[in-house]
Structure formats: structure tokens, C-alpha cells
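Below is one structure, written out as C-alpha cells, with a few remarks after it.
The values are calculated or read from the model by the stated rules, or taken from the named source; none is laboratory data. Worth saying up front: this structure is predicted, and the values here are computed from it rather than measured. Surface accessibility is based on the protein's heavy atoms, side chains included, excluding ligands, DNA and RNA. Shrake-Rupley method; radii C 1.70, N 1.55, O 1.52, S 1.80 Å.
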Amino acid sequence: MKNCQEELFQNVRNSLIASGFSPVSIDRIINIFIINLNEYDITEKCTAIEVRETTSEKILKLYAGILLTEGKTQKTVYGYVRLISRFLYEMNKPLLEVNVFDIRVWLAKMQQQVSLRTCENYRSYLSAFYQWLTREELISTNPTAKIKPIKYDDVVRLPFSEIELDALRSACATLRERAEFELFISSGVRVSELCAMNITDINLNSLDVLVREGKGNKQRTTYINTVCAVHLKRYLESRTDDAQYLFITRNHTRLTKSAAESDLKRIGQRANVPITHPHRCRRTFASDLARKGMDVRTIQQLMGHSNINTTMGYITLSNEHIKNEYRRFA
């Protein structure tokens, strides 16, 4: 930035003249300015955007904090930050210097390593991050604005069929496995929600289930059927511990997400049913209720979705069901 002493003195002189000071007084005042400001460099005010956090690490920490205050779960925030950190590491350049070509090249390389759907998620994460940087005026232009969404073939994720459900139930080897499976199928809870439950969160008489740790820390109530209640009761009566957790490990600690997922995987292997995991149970829950005629808004509430479009993504109906519904109303 240029030194602006002369310009400053001239502006002061003009102001003094306009205020009616005599030429002699003006010269004296200017001389006082010159003597006192001799040790300083006077520069014009910079109106350009100043980067408040200069390092990528600090900016990412700030972004993570913003996401948490907006209601994102720690797991979601971790996913965002991990992906962006990986991107910056592989770019090997300062975050604020990344341009649209850098991002295009990186996404092209990613398409050789992961599915197109996953790559589109990566693009979405980066787009959200750079939109935030733009809103915060940390950058003047968004380098992801010109990058279009990545197209991919949407694979239909099928719920369990009735035959598969029967096979899975028969393949449960322990009381805990059967109780877990029935709770997943009848309530539609997420695996993290099931693992966070305490015994007191289940009312085996009214068949109510209190979900305390839903996505975004939102509490809700869902329900179980009588079959699930029977198997939960059998499992709980078989325990000799005094732990408050609904499901426990052999060491009487709370069942973890990975342990619950492993339980379902083993059940699926015994039953020879591929892709057996909690998320497919949740999809089966939504699809079965829709097939039986439940309103989608009600299913949305039971599943704890804030957006009904998310719920619609879980519902898969057979062609035969769609045909029968058409015949019923046509």
C-alpha cells in the first residue's frame, strides 16, 4: 500500500481552510503534524477482506464448530472434516489458494477409487464448505460453484422379503440376537439409537420406545410390536447383571455400534441372506408400513426424519403392490 502523508496533509489543509483558519495558523498546524508524524508511515486504509484465521487447521476447527451449532451430529461433522482434511492434504497447497481446476482434478482421481455416488458426496461436502467460506468472506469466489453434481445410477436398495425375514429370525443364535433383530425391524431405530437405549426406555406393556439420542440429539417416541416385546422380555429375564443398558456385552458394558452391526452380519451369514445390516432393517420398517397403508408423514415421525424426502428414499414398494394400488383406485 502506498504512503499517503502528502495526501493526508493536503486533506487537513483543505479542511482547515474550509473552517476559516488563517493561512498562518494553517501552516503552523501542518508543521505540528509534520513534526509529530515524522516517525510514522501513513498508508491508506485497506478495504480488502482480511483472513481472520490464516491456517487450514484453524478454519476447519471453526467450520466444525459452526456445523455443530447448526444441529449436525458429531459423526456427521467428523465425516465433513475428515474428507476436507484429506482433500487439502492431497492438494498440498493452502486452503484459500485452491481453485476450481484443483477440485476438478481431485474429483476425477476420486472417481477412479470410489463409486460415483460416493464421489458425489465428496463434491457435496466440498461445495458446502466453500459456500460457507464465501458467506464468511474468507474467499471472494466459490471454486465449487462451476462444478456440476456428479451423475450416478441410483441402485435400488431392497428391504428384506418375508422369506428373508423368516430365515433371519430362525438364524438368531442367542436371546440377545433375536431381541436386537426384532427391535430393529419393529421400531425402525438407527443402530446408534438402539445401542444408546436403557432398559427404562422400553415399556413392554404399552409397547412405547423412548429414543433419547436420535440424529441431531432430537428425542422422539416410536413403538414395537408384541413379538418384539416377547423377545425383549425373554432376553432381559435371562440376564443376571444390574446394568441399566438395554443391550450389554459379555463384560456387562453397553453394546457398541460395531458389535450390533457384527451381530446382524453373523445372523445374515447363517441365514444366507446378503447385505444384512441395521440400515436395511430400517428400510424394511419404512417399506412395510407404507405397503400396509400408513401415511408417509407418520412414518417420517417414527423414523425421526426432519425432511419427508429422506423418508421417501427409504420406501421401496414392489411392482405388484403398485399395480394393486392402481387397480384399487383407478
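Using a probe of 1.4 angstrom, how much of the accessible area of the chain is carbon and sulfur, in percent? Present the calculation step by step, with values, prior to reporting the outcome.
Details: 10400 of 20610 Å².
Roughly 50 percent of what the probe reaches on the chain is carbon or sulfur.
Quick one: which residues, 5+ away or cross-chain, put their amide H under 5 Å from the amide H of ASN198? H built at 1.01 Å from N.
Excluding prolines and chain starts, which carry no amide H, the hits are LEU246.
I need the phi-derived Karplus couplings for the range 199-204: 6.51 cos²θ - 1.76 cosθ + 1.60, θ = phi - 60°, integer Hz, Gly and Pro marked x.
Per-residue couplings from phi come out as 4, 6, 7, 10, 10, 6 Hz.
Starting at the first residue of the range 127-138, write each ³J(HN,Hα) from the Karplus equation 6.51 cos²θ - 1.76 cosθ + 1.60 with θ = phi - 60°, in whole Hz, x for Gly and Pro.
In residue order, the calculated couplings are 4, 4, 5, 6, 5, 5, 4, 5, 4, 7, 6, 7 Hz.
Might you tell me the accessible area per residue for the chain, computed with a 1.4 Å probe and given in Å²?
That works out to 62 Å² for each residue.
List the equivalent ellipsoid semi-axes of the range 113-243 in whole Å, largest first, each obtained as the square root of 5λ for an eigenvalue λ of the Cα gyration tensor.
The answer is 42, 21, 12 Å, longest axis first.
Please compare each pair in LYS61/LYS93; LYS218/LYS265; LYS72/LYS93; LYS151/LYS323; LYS93/LYS151; LYS61/LYS148 to a cut-off of 25 Å on the Cα-Cα distance and tell me which ones are over it. Display every interim value, and only then the final one.
Values: LYS61/LYS93 18 Å; LYS218/LYS265 28 Å; LYS72/LYS93 28 Å; LYS151/LYS323 29 Å; LYS93/LYS151 28 Å; LYS61/LYS148 27 Å.
LYS218/LYS265; LYS72/LYS93; LYS151/LYS323; LYS93/LYS151; LYS61/LYS148, as the Cα separations exceed 25 Å there.
Among rounded, prolate and oblate, which fits the range 253-330 when a ≥ b ≥ c are the square roots of the eigenvalues of its C-alpha gyration tensor, a/c under 1.5 means rounded, and a/b larger than b/c means prolate? Please list the in-between numbers first.
On the way: a/c = 3.57, a/b = 1.65, b/c = 2.16.
Here the range 253-330 falls in the oblate category.
If the range 193-320 were replaced by its equivalent ellipsoid, with semi-axes equal to the square roots of 5 times the Cα gyration tensor eigenvalues, what would those be, largest first, whole Å?
On the way: eigenvalues 135, 70, 43 Å².
Working from the Cα gyration tensor, I get semi-axes of 26, 19, 15 Å.
At what distance in angstrom do the alpha carbon centres of the range 214-258 and the range 102-166 lie from each other?
One Cα centre to the other: 35 Å.
If I compute log10 I(q)/I(0) by the Debye sum over Cα atoms at q = 0.11, 0.12, 0.15 Å⁻¹ from the structure I just sent, which labelled value in [x] -0.68, -0.81, -1.27; [y] -0.76, -0.86, -1.21; [z] -0.89, -1.01, -1.25 lines up?
The value computed from this structure is option [z].
Could you work out the pair-distance distribution P(r) of the range 92-156 from its alpha-carbon pairs, with 10 angstrom bin width and percents rounded to whole numbers?
20, 51, 23, 5, 0
How large is ³J(HN,Hα), in whole Hz, for each residue of the range 10-15 in order, when computed from phi with the Karplus curve 6.51 cos²θ - 1.76 cosθ + 1.60 and θ = phi - 60°, using x for Gly and Pro?
My calculation for the range 10-15 gives 5, 5, 5, 4, 4, 5 Hz in order.
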